[in-house]
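Note sheet for the following structure.
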Amino acid sequence: MAVSLAQIRETSGEVFMEGCPTRVVLDHIMSKWGVLVLLALTDGTLRWGELRREVEGISEKMLASTLRTLEADGLVSRTSYPEVPPRVEYSLTDLGRELMDRMLPLVEWVASHADGIVAR
């Protein structure tokens, strides 16, 4: 199903224009770290250390910032357990799973075409 920006705007108004919340959401979910964190969580609930290992190259500061942003957006859930040592788990919310159902085909496309694109 091919849809153009003009068709989206025809039904949804001034989306993706400067100052529109759609640009903020795109920035959060389509950033390199946002995509990789969401992708890592598609396999299920992960603790901080597991998530950090899964998303190779991300700093602690960037992981914390990305998780806070995705949690505030309602895409990631953070569950803290009152244990010693403290245990915190992250998982996708229903909204996050819905997003990833739509984003996974794009991620698969990138995985199959990246080498050819970078080689050009």
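Structural remarks
- Qualifying residues in segment 74-120 (those that are among the basic types (Lys, Arg) and part of a helix (DSSP H, G or I)) - the one surrounded by the fewest Cβ atoms within 10 Å (Cβ to Cβ): 102
- Pair list, Cβ < 6 Å and 6+ apart or interchain, from segment 75-86 residues that are within 28 Å of residue 35 (Cβ to Cβ) and modelled with pLDDT of 90 or more to residues that are among the charged types (D, E, K, R) and not in a strand (DSSP E or B): 78/71
- Residue within segment 41-64 that is open to solvent by 80 Å² or more (accessible area, probe 1.4 Å), free of Cβ contacts under 8 Å to residues at least 12 places away in the same chain and hydrophobic (A, V, I, L, M, F, W, C) present: no
- Failed condition for residue 41, given (1) touching a strand residue (DSSP E or B) at 6+ places or on another chain (Cβ under 9 Å); (2) on the phi > 0 side of the Ramachandran plot: (2)
- When 74, 116, 34, 49 are checked against the criterion of being on the phi > 0 side of the Ramachandran plot and out of contact with any strand residue (DSSP E or B) (no Cβ under 7 Å at 6 or more places or on another chain), 74 stands alone in meeting it.
The values are calculated or read from the model by the stated rules, or taken from the named source; none is laboratory data. These numbers come from a predicted model, not from an experiment. All Cβ positions, glycine included, derive from the backbone under ideal geometry; neighbour counts span all protein chains shown. Areas reflect the complete protein model, heavy atoms only, side chains present, ligands, DNA and RNA absent. Shrake-Rupley method; radii C 1.70, N 1.55, O 1.52, S 1.80 Å.
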